[in-house]
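Data first, discussion second: the structure below is written as structure tokens.
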Amino acid sequence: MPSIKYVTGAVADVLVPRHCAVCGRKLLVNEKHLCIYCHDDMPLTYNWNLVYNPMADRFNAMIQRGLERYEPYSFAASLFFFRSGSGYRNICYGLKYQGNIRIGRHFGKILGGKLASAEHFRDVDAVVPVPLHWTRHWRRGYNQAETIAQCVASELGAPLYKDMLVRRRRTRTQTRLDVGQKSRNVSGAFGFSRRFRKSAGLEIQEHGQDSSGNKYTGGIKHILIIDDVFTTGATLNACYSALRSAFPPEVRISVATLACV
Ligand SMILES: [Zn+2]
């Protein structure tokens, strides 16, 4: 006999049909957000299994550029690939522009599960979403990166620090900018929150030394920055720089996103 949940789900689907976010087909009761075909065809990256992967290499090339000292390798992973015009783009679009927080939670949980299955992400002890400027946060009502970060933190069993980074200034939307413009657009847009520094008892200053020049002795060892999409990596690189200004090189800073373009 079908369960009550199944029956209520079936009735709800008749009254308000749900559709696959990728192909638009009507969903069956047991399908969530995607139909079984689009779910099976999802272009997963599998890059969470690899310490060195093309996305991580791209990101590391970016953070090493213009630096005098050597930075430790950043781990990087995302759940799936999309190109412009791909239906899988609708997952990120729905979360970011259509208020579909549930789809963000669904795939954020899957991403978190994949990261938790990888040895090199298991020691993450701080999950930090890319912040929105407060005016945009206020208008949208939520931060899509934070929605994903909450699920990832919960799957990794790591604390979420949603206020560790602050957006100092509003930036133009990155969509129509070229690589150089994207990088200039977000450069210096993020800062390390003073409020967090106080509330967490982090008495560290620039380059990870406290006022008396002592070495960093904070508890955090591996930070994971979360965003919805990795395109050129410019936004994540700007966040990386803001965190690095507060944490010394022995603290690893990695990145993860729902999608990779
Ligand atoms: Zn579909």
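Within the stretch 138-176, if we keep just the residues that are assigned to a loop (DSSP other than H, G, I, E, B) and hydrophobic (A, V, I, L, M, F, W, C), the residue that is surrounded by the most Cβ atoms within 10 Å (Cβ to Cβ) turns out to be M164. With Q150, Q174 as the choices, which residue is without any contact (Cβ under 8 Å) to a residue 60 or more places away in the chain and touching a helix residue (DSSP H, G or I) at 6+ places or on another chain (Cβ under 9 Å)? None of the other options fit; the residue is Q150. I'm checking my understanding of the structure. Among residues of the stretch 81-117 that are within 16 Å of the ligand (Cβ to nearest atom) and outside any helix (DSSP H, G or I), which one is modelled with the lowest pLDDT? By that ranking, first place goes to G85. Taking V7 as the residue in question, decide whether it is away from the ligand (no atom under 16 Å from the Cβ), assigned to a loop (DSSP other than H, G, I, E, B) and of a type in the set (A, V, I, L, M, F, W, C). Here the answer is no, as V7 does not meet what is asked.
Taking only the stretch 49-71 into account, find how many residues are under 19 Å from G112 (Cβ atoms) and either within 16 Å of the ligand (Cβ to nearest atom) or assigned to a helix (DSSP H, G or I) (or both). Let's see the steps before the verdict.
Narrowing the stretch 49-71 to residues under 19 Å from G112 (Cβ atoms): 49-51, 53, 55-56.
This time we only want the ones that are either within 16 Å of the ligand (Cβ to nearest atom) or assigned to a helix (DSSP H, G or I) (or both), so: 49, 55-56.
The qualifying residues number 3.
Which ones in the stretch 20-32 are loosely packed, with under 13 Cβ neighbours inside 10 Å and either near the ligand (Cβ under 8 Å from one of its atoms) or not in a loop (DSSP other than H, G, I, E, B) (or both)? Scanning the stretch 20-32 gives G24, K26. One residue stands out among those in the stretch 33-48 that are surrounded by 14 or more Cβ atoms within 10 Å (Cβ to Cβ) and under 11 Å from C23 (Cα atoms): the one that is farthest from the ligand (Cβ to nearest atom), which is H33.
I need a count of the residues in the stretch 65-80 that are at pLDDT 85 or above and either surrounded by fewer than 15 Cβ atoms within 10 Å (Cβ to Cβ) or more than 13 Å from V255 (Cα to Cα) (or both).
Step one: of the stretch 65-80, the residues at pLDDT 85 or above are 73-80.
Those still in the list that are either surrounded by fewer than 15 Cβ atoms within 10 Å (Cβ to Cβ) or more than 13 Å from V255 (Cα to Cα) (or both) too: 80.
Here the count works out to 1.
Could you grab me the full set of residues in the stretch 230-261 that are more than 19 Å from G191 (Cα to Cα) and surrounded by fewer than 21 Cβ atoms within 10 Å (Cβ to Cβ)? Break it down into steps so the answer makes sense when it comes.
Of the stretch 230-261, the ones more than 19 Å from G191 (Cα to Cα) are 230-232, 250, 256-261.
Within the stretch 230-261, T231, T232, E250, V261 meet the criteria.
Residue pairs whose Cβ atoms lie under 9 Å apart, sitting 6 or more positions apart in sequence or on different chains, and linking a residue in the stretch 7-24 that is under 16 Å from G85 (Cα atoms) and at pLDDT 80 or above to a partner that is part of a helix (DSSP H, G or I) and away from the ligand (no atom under 11 Å from the Cβ), are A21/I91; A21/Y93; A21/G94; A21/I103; V22/R89; V22/I91.
The values are calculated or read from the model by the stated rules, or taken from the named source; none is laboratory data. Nothing here was measured: the structure is a model prediction, and the numbers come from that model. FYI the Cβ positions are ideal-geometry reconstructions off the backbone, even for glycines, and counts take in every protein chain you see.
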